[in-house]
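Have a look at the structure below before the remarks.
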Amino acid sequence: MAKPPRQFANLAMRAIDVENINLPGAERRFLSGRAVMYRLPLSPSPASRIYTCELLVWPRRRPEMHVISPDLQELAEGRAIPHIYPTDRQGTRLCLYLPRLNEWQPEMRLSETFVPWTLEWLWYFEVWLATDVWEGGGEHPQDRRRRYGVSKSKRDRNSDD
């Protein structure tokens, strides 16, 4: 018997999913009808600061979560923040799962994946700020760009000479 085709959530379904979380202060905007942006105030614990996060969703593309404020780079005071991706967008783009292991699938609900994963990431970020040790596990995304045939990590080692 053949498998039924995978169901992909459209933007309207994604909007309903995230709105059902019912977070006070959350906002939703459709971006030119091709994407949905959710601005969410999230706090990983009652003692934590409130982070303004943006979840960007496109059809047939992996969602992205960005922390807009406070500025995580400023909070890190020059230290390299673990588990983030480079981005051209405002804020810091979080690494919440391993794409190559298909830990997130398009049929999964954002309210049950990206939002709790972001809260967990923020918790471990706050621990990292205090201890300089990332306790959240996972793998750090590597910058795979090369310049003149030399990897970034090798350039960084050579620049210390």
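The values are calculated or read from the model by the stated rules, or taken from the named source; none is laboratory data. Just so you know, these numbers come straight off a predicted model, no measurement behind them. Virtual Cβ from ideal backbone geometry, glycine too; neighbours counted across all protein chains shown.
The residue list Trp128, Trp134 contains one member that is surrounded by 15 or more Cβ atoms within 10 Å (Cβ to Cβ), closer than 23 Å to Thr87 by Cβ, at pLDDT 65 or above and in contact with a helix residue (DSSP H, G or I) (Cβ under 8 Å, 6 or more places away or on another chain), which is Trp134. Residue pairs whose Cβ atoms lie under 7 Å apart, sitting 6 or more positions apart in sequence or on different chains, and linking a residue in region 109-120 that is closer than 14 Å to Glu19 by Cβ to a partner that is part of a helix (DSSP H, G or I), are Arg109/Asp17; Leu110/Arg14; Leu110/Asp17; Leu110/Val18; Ser111/Asp17; Ser111/Val18. When region 56-92 is limited to residues that are within 24 Å of Gln105 (Cα to Cα) and of a type in the set (S, T, N, Q), the one that is farthest from the chain's Cα centre (by Cα) turns out to be Thr87. Residue-level check: of (1) in a loop (DSSP other than H, G, I, E, B); (2) hydrophobic (A, V, I, L, M, F, W, C); (3) under 17 Å from the mean Cα position of the chain (by Cα), Leu40 misses just (1).
Just a yes or no: is a residue in region 8-24 surrounded by fewer than 18 Cβ atoms within 10 Å (Cβ to Cβ), at pLDDT 90 or above and either touching a Gly at 6+ places or on another chain (Cβ under 8 Å) or over 27 Å from Leu98 (Cβ atoms) (or both)? The answer is no, given that none of the residues of region 8-24 is surrounded by fewer than 18 Cβ atoms within 10 Å (Cβ to Cβ), at pLDDT 90 or above and either touching a Gly at 6+ places or on another chain (Cβ under 8 Å) or over 27 Å from Leu98 (Cβ atoms) (or both). Inside region 64-84, residues that are in a strand (DSSP E or B) and either farther than 22 Å from Tyr38 by Cβ or touching a residue at least 24 places away in the same chain (Cβ under 8 Å) (or both) make up a count of 6.
When you go through Pro70, Pro106 one by one, which is the residue that is surrounded by 12 or more Cβ atoms within 10 Å (Cβ to Cβ), at pLDDT 95 or above and out of contact with any His (no Cβ under 8 Å at 6 or more places or on another chain)? Only one candidate qualifies: Pro70. Taken over region 25-63, the residue count meeting the criterion of being among the hydrophobic types (A, V, I, L, M, F, W, C) and crowded, with 18+ Cβ neighbours inside 10 Å is 6.
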